[in-house]
Amino acid sequence: MFFLVSYDICDPKRLPKVAKLMEGYGVRVQYSVFECILTERQYQELQRRLKRLIRVETDSVRFYRLCDSCQGEITIMGQGTISGNELYFIA
């Protein structure tokens, strides 16, 4: 499954930990936005691991699941490419 994951972490000490975790699951496409191709198990695992790092009172992590037909509708203006289905990341 293709996910777009974005986050806003308020504490500068937690921010690099979240970024490092996300780098194990996807491709950074903007500073706090990742494209991830995940199995259902990887998706659940990522959510569990993020819950241990973030503070739900102040931080925000959003997961956008994109279906195959929706992926074909992604438009990029400027630099960048869409992560291909051949990429898989294991944290």
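What the table shows:
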{"quantity": "Output for region 18-61, where each listed residue is loosely packed, with under 11 Cβ neighbours inside 10 Å, part of a helix (DSSP H, G or I) and among the acidic types (Asp, Glu)", "calculated": "GLU40"}
{"quantity": "Total residues in region 19-37, condition touching a residue at least 40 places away in the same chain (Cβ under 8 Å) and aliphatic (A, V, I, L, M)", "calculated": "4"}
{"quantity": "Test result for VAL5, in contact with a Gly (Cβ under 8 Å, 6 or more places away or on another chain), buried (at least 17 other Cβ atoms within 10 Å of the Cβ), outside any loop (DSSP other than H, G, I, E, B) and of a type outside the set (Lys, Arg)", "calculated": "yes"}
{"quantity": "Subset of region 62-76 [assigned to a helix (DSSP H, G or I) and hydrophobic (A, V, I, L, M, F, W, C)]", "calculated": "CYS70"}
{"quantity": "Restricting region 39-91 to residues that are at pLDDT 95 or above, of a type outside the set (Ser, Thr, Tyr) and in contact with a strand residue (DSSP E or B) (Cβ under 7 Å, 6 or more places away or on another chain), the residue that is farthest from PRO16 (Cα to Cα)", "calculated": "PHE63"}
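The values are calculated or read from the model by the stated rules, or taken from the named source; none is laboratory data. Keep in mind it's a predicted model, so treat the numbers as computed, not measured. Glycine gets a Cβ as well: all are built from the backbone with ideal geometry, and neighbour counts include every protein chain shown.
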